[in-house]
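Enquirer: Can you read through this structure? Questions will come right after.
Every number here is computed from the coordinates shown, using simple stated rules; none is lab data. Worth saying up front: this structure is predicted, and the values here are computed from it rather than measured. Quick reminder, even Gly has a Cβ in these numbers, built from the backbone with ideal geometry, and neighbours come from all protein chains shown.
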Amino acid sequence: KVVCVTGASGYIASWLVKLLLQRGYTVKASVRDPNDPNKTEHLLGLDGAKERLHLFKADLLEEGSFDSVVDGCEGVFHTASPFYFSVTDPQAQLVDPALKGTLNVLRSCAKVLSVKRVVITSSMAAVAYNGKPLAPDVTVDEAWFSDPALCERSKLWYMLSKTLAEEAAWKFGKENGIDIVAVNPGLVLGPLLQPSLNTSVEPVAKLVNGAETFPNAIYRWVDVRDVANAHILAFENPSASGRYCLVAEVVHCSEVLKLLHKLFPDLKLPEKCADDKPFPTTYKVSKERAQSLGLSFTSVEVSLKDTVESLKEKNFLS
Ligand code: NDP
């Protein structure tokens with residue numbers, strides 16, 4: 001079977017390409033710069049790549065850029081989207097590539113007959129920011145949708161970009177008869193395949209290098225291998241539909257710090273969180289739908305252990 005992965009050089013997408021090749025798929029993979037070895041070498045070295053990985057050049061903001069990438073593919077995994085928080089022009093840097101890019105990819109899919117399903121990499125950023133109160137007895141689930149107006153008011157630009165992109169995808173899919181499934185991961189941890197740090201792993205690298213302490217915050221953690229696997233399950237399972245929250249554990253940073261101290265007693269880790277404000281309240285995220293796909297979640301402890309081992313192996317530890 002032939003499938004396509006957009007933004008294949010990225011952290012999550014690299015794992016997705018690896019698992020797809022392992023499962024025998026032929027993968028048409030889009031990257032922005034196929035001549036940049038930092039973006040492609042790790043992909044070209046994957047098992048099966050020589051025979052079944054084909055690289056294409058495509059940019060989210062270039063109309064029609066994905067036409068030849070999706071052509072002949074049964075499944076399209078749309079992962080490409082800018083993921084960073086410090087921006088000077090949120091519209092140009094985040095919202096346009098996320099929103100216009102998603103519609104660009106979907107328009108390419110609508111032009112060909114081969115595409116049976118599109119799996120969109122959305123985010124918990126498009127789920128949890130709707131102003132509903134969070135508390136230990138609250139379970140966030142797929143029925144929640146972030147509120148763009150709230151994201152804009154609160155200057156949560158990345159959250160806004162993912163919310164608008166997912167919202168537009170559902171509308172386009174409905175109007176054009178495209179079968180779409182969305183996966184909504186929390187903050188992704190786990191080993192790196194690519195040679196650079198991405199936005200979700202970089203803070204762990206800084207922390208274990210003693211360059212940063214953890215904020216007094218609660219995150220929704222999930223392992224990159226589970227996220228990649230969920231994409232494939234969402235494509236392969238005929239009855240998959242709608243959205244799937246992907247969160248292994250909702251854990252305060254102080255707990256993560258405790259785990260790191262236990263796992264790596266020799267690292268120069270801070271003793272506690274950045275400030276002593278009262279802890280923000282915890283809550284739950286439903287795993288039911290993800291588990292119904294056959295997904296089981298790696299624990300935060302194992303993810304953290306494998307993340308730090310991978311950072312060591314790739315010389316990111318000072
Ligand atoms: P990375 O930064 O590693 O990957 C982002 C990918 O998007 C890169 O391949 C990048 O290409 C590509 N991209 C960005 N802008 C463009 C553009 N204009 N045209 C074409 N490609 C572009 O991030 P992650 O792997 O962490 O994230 C991948 C997806 O997962 C994103 O959609 C993100 O929103 C989502 N996600 C990530 C989470 C996380 O914690 N990591 C959590 C929830 C969702 P290039 O390499 O050329 O820059």
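Enquirer: Convert 37 °C to kelvin, take the viscosity as 0.692 mPa s, use the Kirkwood radius over C-alpha pairs of segment 208-267 as Rh, and evaluate the Stokes-Einstein diffusion coefficient in µm²/s, rounded to a whole number.
Expert: 234
Enquirer: Turning to a different aspect of this structure: Within the set Lys1/Lys174; Lys57/Lys314; Lys132/Lys171; Lys155/Lys277; Lys116/Lys305; Lys100/Lys268, which residue pairs have Cα atoms separated by over 32 Å?
Expert: Lys116/Lys305; Lys100/Lys268
Enquirer: With point charges of +1 on the Cβ of Lys and Arg and -1 on the Cβ of Asp and Glu, referenced to the Cα centre of the chain, which listed residue (Val251, Val105, Met124) lies farthest in the positive direction of the dipole?
Expert: Selected residue: Val105.
Enquirer: Taking K and R as +1 and D and E as -1, what net charge do the other residues with C-beta under 14 Å from the C-beta of Asp71 add up to?
Expert: Every neighbour counted, the sum reads +2.
Enquirer: While we're here: Amide H of Leu189 versus every other amide H placed in the peptide plane: which residues, excluding those fewer than 5 positions away on the same chain, fall under 5 Å?
Expert: Close amide H contacts, sequence-distant or interchain: Val222, Asp223, Val224.
Enquirer: Using alpha carbon centroids, what distance separates segment 151-192 and segment 53-118, in Å?
Expert: About 13 Å separates the Cα centre of segment 151-192 from the one of segment 53-118.
Enquirer: Same structure again: Looking at the chain, send over the antiparallel percent of its DSSP beta bridges, to the nearest 5.
Expert: On the way: 4 of 35 bridges.
Bridges in the chain are about 10 percent antiparallel.
Enquirer: Let me ask something else about it. Using Cβ-Cβ distances only, list the Cys residues of the chain with no partner cysteine under 4.7 Å, sorted by number.
Expert: Lacking a cysteine Cβ partner under 4.7 Å: Cys109, Cys151, Cys245, Cys253, Cys273.
Enquirer: Rg (Å, one decimal) plus Dmax (Å, integer) for the alpha carbons of segment 108-245?
Expert: Rg and Dmax of segment 108-245, Cα atoms, are 16.8, 52 Å.
Enquirer: Sticking with this one: Which value in Å does the Kirkwood hydrodynamic radius of segment 64-173 take, with 1/r averaged over all unlike C-alpha pairs and then inverted?
Expert: Every distinct Cα pair counted, the radius reaches 14.8 Å.
Enquirer: If you count, for each residue, the other Cβ atoms within 10 Å and average over each peptide, how do 62-70, 33-41 line up from highest to lowest?
Expert: 62-70, 33-41
Enquirer: Of the listed peptides 279-290, 184-195, what is their order by residue-averaged count of other C-beta atoms within 10 Å, with the highest listed first? Kindly include the intermediate steps, with their values, before the conclusion.
Expert: Values: 279-290: 16.8, 184-195: 22.7.
Going from most to least packed, we get 184-195, 279-290.
Enquirer: Order these peptides, 153-160, 241-248, 87-94, 129-136, by their mean beta-carbon neighbour count within 10 angstrom, highest first.
Expert: Order by mean packing, descending: 241-248, 153-160, 87-94, 129-136.
Enquirer: What translational D, rounded to a whole number of µm²/s, comes out for the chain from Stokes-Einstein when the hydrodynamic radius is the Kirkwood one over Cα pairs, at 20 °C and 1.002 mPa s?
Expert: 107
Enquirer: Using +1 on the beta carbon of Lys and Arg, -1 on that of Asp and Glu, and nothing else charged, what's the dipole of the chain about the Cα centre, debye to 20?
Expert: Value, rounded to 20: 300 debye.
Enquirer: I need the phi-derived Karplus couplings for segment 139-149: 6.51 cos²θ - 1.76 cosθ + 1.60, θ = phi - 60°, integer Hz, Gly and Pro marked x.
Expert: Here the 3J(HN,Hα) series is 10, 6, 9, 5, 6, 6, 9, 4, 9, x, 5 Hz.
Enquirer: Let me ask something else. Can you work out ³J(HN,Hα) from phi for every residue in segment 62-78, in order, using Karplus 6.51 cos²θ - 1.76 cosθ + 1.60 and θ = phi - 60°, giving whole Hz and x for Gly and Pro?
Expert: So the Karplus estimates, Gly and Pro as x, are 9, 4, x, 4, 9, 3, 6, 6, 7, 4, x, 8, 7, x, 10, 9, 9 Hz.
Enquirer: Also, I was wondering about something else. What are the residues whose amide H is under 5 Å from the amide H of Lys314, where those residues sit 5 or more places off or on another chain and H is modelled from the backbone?
Expert: For Lys314, whose amide H was placed from the backbone, there are no distant partners under 5 Å.
Enquirer: Once phi is turned into θ = phi - 60°, what whole-Hz ³J(HN,Hα) does the Karplus curve with 6.51, -1.76 and 1.60 give for every residue of segment 177-189, x standing for Gly and Pro?
Expert: x, 9, 7, 10, 10, 10, 10, 10, x, x, 6, 8, 10
Enquirer: At 10 °C and 1.306 mPa s, grab the translational diffusion coefficient of segment 212-318 from Stokes-Einstein with a Kirkwood Rh over Cα pairs, rounded to a whole number in µm² per second.
Expert: Answer, rounded: 102 µm²/s.
Enquirer: List every residue whose amide H lies under 5 Å from the amide H of Phe56, counting only residues 5 or more places away in sequence or on a different chain, with H placed 1.01 Å from N in the peptide plane.
Expert: Those lying under 5 Å, H to H, from Phe56 are Ala29, Ser30, Val31.
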